[in-house]
Amino acid sequence: MMRRFSLLAVLPLVSCATDIVIGKGINSAPTAAITAPVDQDLFTDTDVVEFIGTVADGDGLADLQTVAFSSNIGGLLDTVEPDPLGQVRLALTLSAGLHTITLTATDAEGLEGTDSIAITVEGIEAI
């Protein structure tokens, strides 16, 4: 039995100047929402205040570079990592005063999503 083989010609692929490069697309700004405590809540300076929020990004949570809670009185409170569903938590005590608490999510291109609430923290006088 005789076997016959045929040779196939292989043509090299050549790039031309009219190649189209498809980029990432338009960047979506992240979103942020504080879900607890509620706006205008009242605490004492000995209370541990638990802040809960959600963040999202149309480009995926991996696009978020920083997620942070801050106060107009204390500045940056802390940066936090969102869980796989975008939920964030921070628990701490605050000094007395009227705090505007802001949750800020910043993506890789510098776009931000923010949400703010106001809470009052009253000082407890020592006995």
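The values are calculated or read from the model by the stated rules, or taken from the named source; none is laboratory data. Worth saying up front: this structure is predicted, and the values here are computed from it rather than measured. Cβ: placed from backbone, ideal geometry, glycine included. Neighbour counts: every protein chain shown. Calculation scope for accessible area: heavy atoms of the full protein, side chains included, ligands and nucleic acids excluded. Shrake-Rupley method; radii C 1.70, N 1.55, O 1.52, S 1.80 Å.
Table for the structure above
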| read-out | value |
| --- | --- |
| Net charge, Thr104 excluded, C-beta distance under 9 Å - Lys, Arg +1, Asp, Glu -1 | -2 |
| P(r), alpha carbons of the range 35-126 - 10 Å bins starting at zero, rounded % | 17, 49, 25, 9, 1, 0 |
| Percent accessible area from carbon and sulfur atoms, the range 21-127, protein chains only, probe 1.4 Å | 54 percent |
| Gain upon complete extension [Leu42, Glu125; 0.36 nm per residue less C-alpha separation] | 28.3 nm |
| Filtered GluC sites (Glu not before Pro), the range 25-127: DSSP coil and at most 10 other beta carbons within 10 Å | Glu125 |
| Charge context of Ser116, other residues only, Cβ under 15 angstrom, K/R +1, D/E -1 | -4 |
